[in-house]
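Single-structure report; data block below.
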Amino acid sequence: MFCVECGKEGKTFGGLCLDCYIKRHNFFVIPSAVEITFCKECDAYRIAGEWKRGNLWKDVEEYIKQHIKADIPYECWMDDGKIICEGSFEGKRIRIEKDVGIKEKYRLCPQCSLRKGGYFEAVIQVRGKIDSEREVDEIVKRHVNEKKSFISKKERVRGGIDYYIGNKKAARKAAQEIKDSLKGELTVSSSLVGMKDGKRIYRDTYSIRVPEYTGKFVKLNDKLYRIASYGKKVELHGVDGDILHVYKDDLKRAVWVEIEEREAEVIHEGEDTLHIMDPRDYTTHVVRKPSGWKRGKKINIVEYEGKIYAVE
Ligand SMILES: [Zn+2]
Ligand SMILES: [Zn+2]
């Protein structure tokens, strides 16, 4: 057999010798460009009809690999914006390099268009004593990002903050964590907001109430303390004058004690003590003199396990 191109004698492929065949033949059909739609608002992009985030070039490589047509066994990879395919035919190495073209388009991703349209599935209401708004913000953001959702709106309202959340599950997890972190109480309610495709649509409200802890009493290591300040670190004033700094988590092993303070009358001031009269039953007691107490100032007392203590 002779090659119809160069006249060489030998084995032919479609009338061509091996060299001519390799020169003429396209062993690989590689897509000339990949169409990618980028979100105008965030880092999401759509490739092959699917919105994704994260590793654009890896997704491009994946896309091209899936769309290559080849009539020989081959390997391919991407290098510096090029796609490289290698295989062999009749013992000859076939290699082809091609620039990857990207056809860019721009629009809003579905999440961003929902957010822009004010869409939300749940509301987190935080009420009461919020020590660190940033801490709450971070908790909400983290759970929202985890679910690839969004905060539709954040609103400061009387007594707290409202977060409008695009995803119910993200809202539930965030609410749970805010409750634990702020030692608040969580109530959940759901309301019917309409119908869609024959299904009832409910909107969830997670309401977290954070009580005021300053001034409350706890029993820790068998000793009674009053909470002087409550944040990430907690300052505790013992009824015996001892001052303790602990972490919020340390209070997990404390017993919360419900006692009320009442005012008492100082009838005599000693060196370290005060003689007071309890106006409730006119009994007199000797209590430790609080360090901040000055003559003429009022004194508050508490009664705990049958004993009277002065508090600052
Ligand atoms: Zn030839
Ligand atoms: Zn977006």
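The values are calculated or read from the model by the stated rules, or taken from the named source; none is laboratory data. These numbers were taken from a predicted model, which means no experiment stands behind them. For neighbour counting, all protein chains shown are included, and Cβ atoms are generated from backbone atoms with ideal geometry for every residue, glycine included.
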(request) Looking at (1) of a type outside the set (Ser, Thr, Tyr); (2) within 10 Å of the chain's Cα centre (by Cα); (3) over 23 Å from Lys183 (Cβ atoms), find the lone condition where Ile151 falls short. (result) (2)
(message) I'm checking my understanding of the structure. Among residues of region 19-54 that are in a loop (DSSP other than H, G, I, E, B), within 16 Å of ligand 2 (Cβ to nearest atom) and hydrophobic (A, V, I, L, M, F, W, C), which one is surrounded by the most Cβ atoms within 10 Å (Cβ to Cβ)?
(response) Ala44
(message) Just checking, does region 81-90 include any residue being under 36 Å from the mean Cα position of the chain (by Cα) and not assigned by TED's automatic domain parsing to the domain that holds Lys179?
(response) yes
(message) Within region 56-75, does at least one residue satisfy the condition of being away from ligand 2 (no atom under 16 Å from the Cβ), without any contact (Cβ under 8 Å) to a residue 40 or more places away in the chain, of a type outside the set (D, E, K, R) and touching a helix residue (DSSP H, G or I) at 6+ places or on another chain (Cβ under 9 Å)?
(response) no
(message) Given the options Glu62, Glu104, name the one that is at pLDDT below 95 and either farther than 17 Å from Phe27 by Cβ or not in a loop (DSSP other than H, G, I, E, B) (or both).
(response) Glu62
(message) Test of understanding: among Ile96, Ile72, which residue is surrounded by fewer than 15 Cβ atoms within 10 Å (Cβ to Cβ), of a type in the set (Val, Ile, Thr) and under 25 Å from Arg24 (Cα atoms)?
(response) Ile72
